[in-house]
Amino acid sequence: MSLRVSVLVPPTAAGSRSLLASLDRQSLPAAEFEVLIGDDERDAGLTARLEDLVAHRTNVTRVPVPAGADAAATLLDRASGEYVAAVPPDRVLTPDALALLGARADSTGAEVCLGLTGRAGQRPAALPDGPEQLTGPAGGLRRRATATAEQVAADLAGSDTTTAGAASVATTLCFVDGPAPEHRTPPEAAGSVRARTTGVQWGDGVLDLVLKLSEPAEDVQVSLYSDRYGVEWPLSGVQVDGDTVTLRIDPGAVPGPGALPDGLWWPSVRIDGGEPVLVRARPNKTHGASVRERTVVSFSRNKRLGIDVGAHAHQPIRQLVPADTTIVEDSRGSLLTSRLTNLDLAPGSRRTGELRLGTMPVVAWLEHDGTEPVLRAWVSGLAGESPLFTRFAPTSFAPTGARLVIDGVGTMTVAEAPRRRRGARRARAAAAAAASTPTPVEATPGKARRLAGRALRSVRG
């Protein structure tokens, strides 16, 4: 099998764990690309870590770069792939970057093939006119036979590699510059026009949205923005009727990129060419999910609508309604069944997960009973109450707002979990701090007089 790509990593990026992790996740087989990591050997600890990495990765090579040497020329001389990809510091690759860029370069015969590059935490200055428009700096592949050390040096410095006649993979995110921001709600412009949800409904893997504007408008653009990737894609099929906007979002087929990369995406609205604003949403009206090839959850953070593609931060189930939950006992045990609202599940499909009774997890599953999606699990336990949690996605257990109640004769029911009072956690912390503070011991009157007399005699000698 021929070596397709040589990835060149400069000494300034040799210690980037995020870059190396992104190279480990490439869909291109490891036998088809090599990673050449430049090491100026100024940090003995880093050199030792790179040697350990080389011992455990068959396609990784540490390339010493002597003081004063040209890192670009040194790495290019060691490259043996058909193409070279020079990666500057603070840049990571998406999982399909090398495979897509290599295939595009093969099909076009171009000397340079560019990939869409986002800047983490930075919304593009303008909404792209179409999926073919590259935004921001662009990284890519160069054909090794024609690449020069000067070109590779510019790439390693993070310069824009856009050149006349270059091919591109503009519709798929290939690179991300900068560290991903912490979990946050993206900043938005403070404008007079606002948009809020009046309808959020999942069905057939698609999210149907109805938005209400604070004032009627004619020119309305809706897009999806990722703070993690720093890219924004316009949505098509937006219908406007005065102050009402309706649209559909298919996470698996967005115009341009196709399937959205995993992560949090924020629907944004531009009205009459103004600055983007996020969509306002209430948590109890917003939460829903599509559980298909990939689980996608709609949620509200800081009263703003978000979409969690891959469900890496939010669980599909947010609440179990006691009135919609039954427990039927038979010879096999006690089967809990709860009807779910705004959960999209293909008829006849089944998804296995967990239901936690207090601290005890049991197997649970989602299925479509022919009419609607339900959650089912075999439950048991001793007399008492157990809060219920679910997990049907990679993230941790999520509370359901319900509890399992077992009375003295073993009858099981599901009731609403007690709601926490505002400030209850702060009050508990204050009480714990007060309890840990030692209370001074008051002396009895007789003991106080004896101590005072003893002190007076010691002073008189």
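The values are calculated or read from the model by the stated rules, or taken from the named source; none is laboratory data. These numbers were taken from a predicted model, which means no experiment stands behind them. Here the Cβ is made from the backbone with ideal geometry for all residues, glycine too, and neighbour counts use every protein chain on show.
Here is how the numbers come out for the structure above:
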quantity: Filter result for the condition that a residue is in contact with a Pro (Cβ under 7 Å, 6 or more places away or on another chain) and modelled with pLDDT of 95 or more, over Gly45, Gly38, Gly81; calculated: Gly38
quantity: Filtered residue count, the range 332-380, keeping only those that are farther than 30 Å from Gly199 by Cβ, among the small types (Gly, Ala, Ser) and either under 32 Å from the mean Cα position of the chain (by Cα) or not in a loop (DSSP other than H, G, I, E, B) (or both); calculated: 4
quantity: Residue match in the range 129-141 (condition: farther than 30 Å from Trp265 by Cα, of a type outside the set (A, V, I, L, M, F, W, C) and touching a residue at least 40 places away in the same chain (Cβ under 8 Å)); calculated: no
quantity: Residue satisfying all of: in the range 90-125; among the hydrophobic types (A, V, I, L, M, F, W, C) and without any contact (Cβ under 8 Å) to a residue 40 or more places away in the chain; surrounded by the most Cβ atoms within 10 Å (Cβ to Cβ) among these; calculated: Ala103
quantity: Sole residue being in contact with a strand residue (DSSP E or B) (Cβ under 9 Å, 6 or more places away or on another chain), surrounded by fewer than 19 Cβ atoms within 10 Å (Cβ to Cβ) and closer than 22 Å to Thr146 by Cβ, chosen from Ser80, Ser18; calculated: Ser80
quantity: Residues of the range 176-202 satisfying the condition of being farther than 30 Å from Ala289 by Cβ and assigned to a strand (DSSP E or B); calculated: Asp177
quantity: Verdict on Leu23 being over 15 Å from Ala153 (Cα atoms), hydrophobic (A, V, I, L, M, F, W, C), assigned by TED's automatic domain parsing to the domain that holds Gly115 and at pLDDT below 95; calculated: no
quantity: Hits in the range 196-216 (condition: more than 24 Å from the chain's Cα centre (by Cα) and buried (at least 18 other Cβ atoms within 10 Å of the Cβ)); calculated: Leu211, Leu213
quantity: Test set (1) more than 19 Å from Ala120 (Cα to Cα); (2) part of a loop (DSSP other than H, G, I, E, B) - Leu247 fails condition number; calculated: (2)
quantity: Given (1) touching a residue at least 40 places away in the same chain (Cβ under 8 Å); (2) out of contact with any Leu (no Cβ under 6 Å at 6 or more places or on another chain); (3) among the charged types (D, E, K, R), index of the condition Asp241 fails; calculated: (1)
quantity: Unique residue being under 22 Å from Arg104 (Cα atoms), surrounded by 15 or more Cβ atoms within 10 Å (Cβ to Cβ) and of a type in the set (Ser, Thr, Tyr) when the list is Ser27, Ser6, Ser2; calculated: Ser6
quantity: Entirely in the range 41-115, the helices (runs of 4 or more DSSP H) that have 3 or more residues that are touching a Phe, Trp or Tyr at 6+ places or on another chain (Cβ under 7 Å); calculated: 97-108
quantity: Close pairs from the range 386-408: first assigned to a loop (DSSP other than H, G, I, E, B), partner among the hydrophobic types (A, V, I, L, M, F, W, C), Cβ under 6 Å, at least 6 apart; calculated: Ala393/Ala311; Thr395/Ala313; Phe397/Phe389; Gly408/Ala383
quantity: Where a residue in the range 315-330 is touching a residue at least 24 places away in the same chain (Cβ under 8 Å) and its partner, wherever it lies, is assigned to a loop (DSSP other than H, G, I, E, B), with Cβ under 6 Å and at least six apart; calculated: Gln315/Ala393; Pro316/Phe392; Arg318/His287
quantity: Exclusive hit being out of contact with any helix residue (DSSP H, G or I) (no Cβ under 6 Å at 6 or more places or on another chain) and in the same structural domain as Leu19 (by TED's automatic domain parsing), set Gly121, Gly115; calculated: Gly121
quantity: Any pair with Cβ under 9 angstrom, 6 or more apart, that starts in the range 56-72 at a residue that is free of Cβ contacts under 8 Å to residues at least 40 places away in the same chain and ends at one that is surrounded by 18 or more Cβ atoms within 10 Å (Cβ to Cβ) and polar (S, T, N, Q); calculated: Val63/Thr74; Pro64/Thr74; Pro66/Thr74
quantity: Residue within the range 191-204 that is farther than 30 Å from Gly81 by Cβ, small (Gly, Ala, Ser) and free of Cβ contacts under 8 Å to residues at least 60 places away in the same chain present; calculated: yes
quantity: Candidate set from the range 150-175 (those that are at pLDDT 90 or above and part of a strand (DSSP E or B)); member that is farthest from Gly237 (Cα to Cα); calculated: Phe175
quantity: Residue in the range 203-241 that is modelled with the highest pLDDT, counting only those that are aromatic (Phe, Trp, Tyr) and in a strand (DSSP E or B); calculated: Tyr225
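Conditions (1) crowded, with 16+ Cβ neighbours inside 10 Å; (2) assigned by TED's automatic domain parsing to the domain that holds Thr390; (3) touching a His at 6+ places or on another chain (Cβ under 8 Å); (4) farther than 14 Å from Met412 by Cβ, marked per residue:
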site	(1), (2), (3), (4)
Gly333	no, yes, no, no
Leu343	yes, yes, no, yes
Ser349	no, yes, yes, yes
Gly353	yes, yes, no, yes
Arg356	yes, yes, no, yes
Thr359	no, yes, no, yes
Val363	no, yes, no, yes
Asp369	no, yes, no, yes
